[in-house]
Amino acid sequence: MTGPIQLNERIVLYDIIRGFALCGIFLVNIPSMLGSDWMFGRPDYTGSDLLVRTLFDMFVQTKFYTIFSLLFGIGFSIFLERSYARGESASRYVRRIVILFLFGLAHLAIWSGDILHTYAMWGLLLPLFYRLSNRAILTWAWSLLLGSFFLLYVSSALVEWTNGGSFNSGVPFPTVFNDGFSVWFDYRLNVEIFAAISNSLLVGIEILSIFLFGLYIGRERKLLTWTIQGLTRTAIVCAVLALPFFGVILWHHYGGGDAYYWVNLIAVLVSGKLLATTYVCLFTIAVRNGRAFRPLQALGRMALTNYLTHTLVVVLPVIALGYYGRLSLTEGLFLSIAILIAQAFFSMWWLKSHRYGPFEKLWRIGTYGLQRKS
C-alpha cells in the first residue's frame, strides 16, 4: 500500500507516531524526574552516564517534543475543521483547551516538567490562525521559529563563544526533595511552579510555531498524501544535514568542548528539528507500507494517560522514599524502558474493552459532555 492513507489508516498513523514520541519524551523527562540530571546543574558525566547523555543529545533530546507538538497542531486542526464543518464556533475548542490547561496545572503541582499547560496556553491562539492562507500560516510558523531560535539561543551562544566558554556548575542540588512531601510541596509552590510557568511564556513561542506547522500539515493532509519518494528523500536529506551537528555534540561531551553549553544546545536543537522530520517521514513510510506497530498504537491512543502516569509512578515514589538524585542516568534509562514496556502491555489490554484511556475519556466528557448510546 503506497497510496494516500484512508480515514481509519491515518488515525493509526498519528497514533503510532504519537506513541513513538511519548517514548522519547519519557526518556528525556526521567533524568529530571529522578534527579539524576538536575535541571539547573551541570553534572560531570563519566562512563556509561556520559555515553547515555551523548546519545540522548544526538538522538532523543528536543526531537520528541517537536514531534509531540507537531501532532498537537495536527490534532487541533482536525478538531477545528470538524467543529466549523458542523457550523459550530470555536467555543467547544476553547473548552477543550481549558480542560487541558487544568490537567496541566494539576500535573505541574507534582512535576515542573509538565508540557500540557504550555500547550494549552499557546494552543488557545490557534483559532486566530486557522482561516489564514497556507502561505500566511507558514510565514508565521517560520518567523516565530527562527525568531525564537536567534533571540533565545544564538545570542547566548555568541556571548559564550566570545568569552571562550561559560561553564557553570549551576544551582546546588535541592536537598528539600528528600525531606518529605510537605517540605517538597512547599518548595514546588514557592519556587518551581512560578519558574515553570514563566518558562512556558518563553519556550511557548517555539511551541506555537510548531503548532502552526502541524496546523498546515493537518489541513493539507501532507503526511497522508505525500509520495513515498518525497518522504524518503526528505528523511535522507534531514538525516545527512544533522551529521555536522552530531560532530558538535561529540566535541562538547568528548572533545574538550564541555565549557560551551549554549553551542551544544544549538546543535541539539537544530539536529532535533532535522531528526524529528526524519523520524516522522520514516514512520509514515512504514505505515503506508503496511506496518502496524501495535504497541506504539496503543501507547499513542492513550498518550495523555500514559504521559500523566509517568509522573505518578516515578516522581511520587521517588519523593516518598527520599530517593531523588540517587539513581544514575544509566539506571534511569533502564527504568524508563521497563515502564514503557509495561505501559504498552497495559494499554493494549485496556483498549480491548475501552475505546479511550481514562484521562482521554475525562477530556472527552469535559469537551462534549456525557453522551447516551443510541
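Screening T367 on (1) part of a helix (DSSP H, G or I); (2) among the polar types (S, T, N, Q); (3) over 24 Å from the mean Cα position of the chain (by Cα) shows it passes everything except condition (3). Under the condition of being surrounded by 22 or more Cβ atoms within 10 Å (Cβ to Cβ) and not hydroxyl-bearing (S, T, Y), which residue from the stretch 269-287 is farthest from F246 (Cα to Cα)? Here the residue is V287.
Every condition in (1) assigned to a helix (DSSP H, G or I); (2) hydrophobic (A, V, I, L, M, F, W, C); (3) closer than 23 Å to I193 by Cα; (4) in contact (Cβ under 8 Å) with a residue 12 or more places away in the chain is met by A106 except one, and the failing one is (4). On the basis of being within 30 Å of Y84 (Cα to Cα), touching a Gly at 6+ places or on another chain (Cβ under 9 Å) and modelled with pLDDT under 95, does I210 make the cut? Judged against the criteria, I210 is not a match. Checked against the criterion of being of a type in the set (V, I, T), modelled with pLDDT of 90 or more, surrounded by 19 or more Cβ atoms within 10 Å (Cβ to Cβ) and touching a His at 6+ places or on another chain (Cβ under 9 Å), the candidates I30, I67 yield just one match: I30.
Taking A342, is it within 24 Å of H107 (Cα to Cα) and surrounded by fewer than 16 Cβ atoms within 10 Å (Cβ to Cβ)? Yes; evaluated as a whole, the condition is true for this residue.
Would it be correct to say that W226 is of a type in the set (F, W, Y) and under 23 Å from Y14 (Cα atoms)?
Criteria met by W226.
For E206, the conditions (1) under 27 Å from I137 (Cβ atoms); (2) exposed (fewer than 14 other Cβ atoms within 10 Å of the Cβ); (3) charged (D, E, K, R) all hold with the exception of (2).
Looking across the stretch 317-374, just one residue is of a type in the set (S, T, N, Q), within 30 Å of S182 (Cβ to Cβ) and modelled with pLDDT under 95, and that is S328.
The values are calculated or read from the model by the stated rules, or taken from the named source; none is laboratory data. Everything numeric in this text was worked out from a predicted model, so none of it was measured. Don't worry about glycine lacking a Cβ; one is built from the backbone with ideal geometry, like all the others, and counts go over all protein chains shown.
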